[in-house]
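Quick notes on the structure that follows.
Any read-out appearing in this document is the output of simple, stated calculations on the displayed coordinates, not a laboratory observation. From a predicted model like this one, the values you see are computed outputs, not experimental measurements. Because the Cβ atoms are built from the backbone with ideal geometry, glycine has one as well, and the counts that use them run over all protein chains shown.
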Amino acid sequence: MRLAKIFGGGLLVVALAFPAGAQRPGRDPAAAFAAADANGDGSISRTEYAAAREARFARMDRNGDGAVSRDDFPRAGQRPQAAARLDELIAEADGDHDGRVTKAELAEAPIPLFERLDTNRDGAVSQSELAALREEAGRRR
Ligand SMILES: [Ca+2]
Ligand SMILES: [Ca+2]
Ligand SMILES: [Ca+2]
C-alpha cells in the first residue's frame, strides 16, 4: 500500500530525531523536526536526513556487531509496530539482501523515503511538507 509507506516515511523522519529510549516518538513532532534540522534553516536536507539516519543506526545496533538486524531486537516479534519499523529500515538499506544492514550499506543506500517526503523536489523536506503528509495520513486512519 503506497499510502501506508508514505505515512511510514513520515514517521521515520520524526522517529529519527528522537533520542534512544524515547517511548513515544511523534508526541512532539515539532521538537523532533528541530532536532533533525541541524543547521536550523527550517527544512531537513539530504545531508541532515542522512546524518539523522546514521545516528539512528548507531542506536539500533544494540548488540554492537556493526549491523542492524533482527538480532538486535530479539523481542520484536512481540511488538508488531516495532518489527514493522525495523523491517522497513532493513528493506530500505539492505543492499545484499542478507537481512542485515551494515553501516556501509546504509551510507550507500538510496533514500526513497526522503524523496517521497520532498514533494516539491527542492532537495529538502520542509515543515509544511511533513505536516501535509501527517494530515493526509491522519485522514486515512
Ligand atoms: Ca536544515
Ligand atoms: Ca547489530
Ligand atoms: Ca545487508
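As a footprinting exposure proxy, order T102, T47, T119 by other Cβ within 10 Å, with the fewest listed first.
So the ranking, lowest neighbour count to highest, is T47, T119, T102.
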E92, E54 arranged by Cβ crowding within 10 Å, fewest neighbours leading: E54, E92
Whether the range 80-141 is rounded, prolate or oblate, judged on the alpha carbon gyration tensor where a/c under 1.5 counts as rounded: oblate
Residues listed by number, the range 39-63, amide nitrogen under 17 Å from R79 label point at 7 Å toward C-beta: 56-63
Modelled FRET efficiency - R0 30 Å, Q127 with R62, Cβ distances, 0.05 increments: 0.45
Where labels lie 7 Å past Cα in the beta-carbon direction, separation of N39 and E135 in nm: 2.8 nm
Cα-based equivalent ellipsoid of the range 31-92: semi-axis lengths in Å, sorted from largest, via gyration tensor: 26, 13, 10
